[in-house]
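Step one of this worksheet: look at the structure below.
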Amino acid sequence: QVQLVESGGGFMQPGGSLRLSCAASGFTFSKYAMSWYRQAPGKERELVATCSSGDSTNYADSVKGRFTISRDNAKNTVYLQMNSLKPEDTAVYYCGTTRWGKRYWGQGTQVTVSS
């Protein structure tokens with residue numbers, strides 16, 4: 001019943017910006033930390049950013065200063081604002097949360113950064 005649906009991915013030139021959205025349902029969104037992960041071809045899925053239920057945020061060093069995670073509890077949505085995009089940011093981006101010890105993922109949205 002937990003559902004996470006990412007959107008906003010696409011193609012962008014290096015230096016550009018994209019905003020990803022994740023619409024959540026099936027749980028009390030405001031009570032759970034939300035995270036963004038990404039997975040590039042041939043690589044492990046990595047944690048990009050986390051926003052706690054209290055709006056505390058953490059970022060991977062590779063995106064710190066460029067990406068911003070935020071949430072709108074009224075809309076049950078978590079965002080990832082991605083600025084100064086680099087080719088290394090190319091990956092499928094996933095929204096995730098953990099509920100009662102179980103990890104839930106969205107279907108992912110592709111982000112491609114290339115000139």
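The values are calculated or read from the model by the stated rules, or taken from the named source; none is laboratory data. Since we're looking at a predicted model, the values are computed, not measured. FYI the Cβ positions are ideal-geometry reconstructions off the backbone, even for glycines, and counts take in every protein chain you see. Surface accessibility is based on the protein's heavy atoms, side chains included, excluding ligands, DNA and RNA. Shrake-Rupley method; radii C 1.70, N 1.55, O 1.52, S 1.80 Å.
Over the C-alpha atoms of the chain, the Rg to Rh ratio, Rh being the Kirkwood estimate, stands at 0.95. Think of each Lys and Arg Cβ as +1 and each Asp and Glu Cβ as -1; about the Cα centre, that makes the dipole of the chain roughly 240 debye.
Based on protein heavy atoms only, the chain ends up with 53 Å² per residue of surface accessible to a 1.4 Å probe. Heavy-atom accessible area for Arg45, with the other protein chains in place and a 1.4 Å probe, reaches approximately 80 Å².
For a paramagnetic label modelled on Thr57 (point 7 Å from Cα along Cα→Cβ), amide N atoms under 17 Å away belong, within segment 1-21, to 17-21. A crude spin-label estimate for the pair Arg99 and Lys86, with each label 7 Å from Cα along the Cβ direction, gives 3.5 nm. Approximating the spin labels as points 7 Å out from Cα along Cα→Cβ, the Phe11-to-Ser70 distance works out to 2.9 nm. Using the Cβ of Ala91 as centre and a radius below 13 Å, the other residues enclosed give a net charge of -1, where K and R count +1 and D and E count -1. For segment 77-106, the residues whose amide N sits under 20 Å from a probe point set 7 Å from the Cα of Arg45 along the beta carbon direction are 77-81, 89-106.
By the Cβ rule of 4.7 Å, the chain holds the following cysteines without a possible disulfide partner: Cys51. Other residues whose C-beta falls under 13 angstrom from the C-beta of Glu6 contribute a net charge of +2, scoring Lys and Arg +1 and Asp and Glu -1.
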